[in-house]
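Okay, so here's the structure we're looking at.
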Amino acid sequence: MLDMNSIERHLNTSFIGRYMEYHESIASTNSRAKDLAHQKQEGTVIIAEEQTQGKGRLSRKWLSPKGKGLWFSILLKPDLEADKVYKTTLIGAAAVNEALKDMGIKSYIKWPNDIIVEGKKVCGILTEMSWGRDRVNYVVMGIGINVNLEAEDFDDEIREKATSLKIVTGKEIERNRLLASILNQVEKLYTPFKERGDLKETIQICRRESILIGKDVRLIRGDSEEIGKVLDIDEQGQLVVEYADGKIEKVLSGEVSIRGREGYI
């Protein structure tokens, strides 16, 4: 089971995770974080052993079985324009990637919000916000990680594109340590962004660990689909794509879904 004292022993943060609310079962950690957003301090973390109504981007259902994953949300309060919130998703992705690396697990980032290990998804990030007059009131960064799920926990459709850290490493992963490591990395990357708008280290990680750069991908917008080659992630965190006609476009994360030429990657 997750243990707040054990998590805190591994934390070296000043504000991320210094207040944590734990639930054995909850509908959604993101929903709870939004309910508490105006009452709680920045850096508050809502964590649950199980989510009964977990969701990912575009309201896709997210499998969150009890005691086998990390299902948590971080409350952030940056002084930020609403159209820049997508950058916090990149911070989350980079933080998870770095935390896994510290535990000896090689992962890649599928821009902007998925973490890939051995060709399959182990983590998704859902960023939600409240804003007024184009400024952000708060941001909730929801992170779901398939930590110790077994193969039989996935149905046939999901098993083709998702896996868990236990499946790929062959051993149980210490969830308390991994959560603390992620929170440490989030604060390390988020603080310069909040204070100075500095996203440099985050972009370096997202570029270095990108599973998309150099590949042909499908860019899906509603019912339309285009094929393009990913050239780069620019300094603002936008995906730089070149199409067959030579046109180059910078893509924001909220605009499209990205898929591989033949499948998920």
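Here, each number is a calculation from the coordinates, and none is a lab measurement. The structure presented is a predicted model; accordingly, all values stated were derived computationally and were not measured. Ideal geometry is used to build each Cβ from the backbone, glycine not excepted, and the neighbour counts take in all protein chains shown.
Brief remarks on what is shown
- Qualifying trypsin sites (Lys or Arg not before Pro) in region 236-265, DSSP loop, other Cβ atoms within 10 Å at most 15: LYS247, ARG261
- At most 11 other Cβ within 10 Å, DSSP loop - GluC sites (Glu not before Pro), region 216-262: GLU235, GLU262
- Computed over the chain, Cα set: Rg, Dmax in Å: 17.6, 57
- Prolate/oblate/rounded label for region 1-83 (Cα gyration tensor, a/c 1.5): oblate
- Nearest-20 debye value, the chain charge dipole, Cβ charges on Lys, Arg, Asp, Glu: 280
- By the count of neighbouring beta-carbon atoms within 10 Å, fewest first, TRP131, TRP71, TRP111 end up ordered TRP131, TRP111, TRP71.
- With distances taken between every two different alpha-carbon atoms, region 216-260 has a Kirkwood hydrodynamic radius of 10.5 Å.
- Rg over Rh, two decimals, region 117-265 (C-alpha only, Kirkwood Rh): 0.99
- Radius, Kirkwood style, for region 103-158 when every pair of distinct Cα atoms is counted (Å): 13.6
- Percent of C-alpha pairs per 10 Å bin, region 62-184, short to long: 13, 44, 29, 12, 2
- Net charge dipole size for region 132-265 [Lys, Arg +1 and Asp, Glu -1 on Cβ; Debye, nearest 20]: 560
- About the Cα centre, charge dipole magnitude for region 216-260 (Lys/Arg +1, Asp/Glu -1 at Cβ), debye: 120
- Per-residue ellipticity at 222 nm computed for the chain from its helices equals -8000 deg cm²/dmol, with DSSP H segments shorter than 4 residues left out and the rest contributing -39,500 (n - 2.57).
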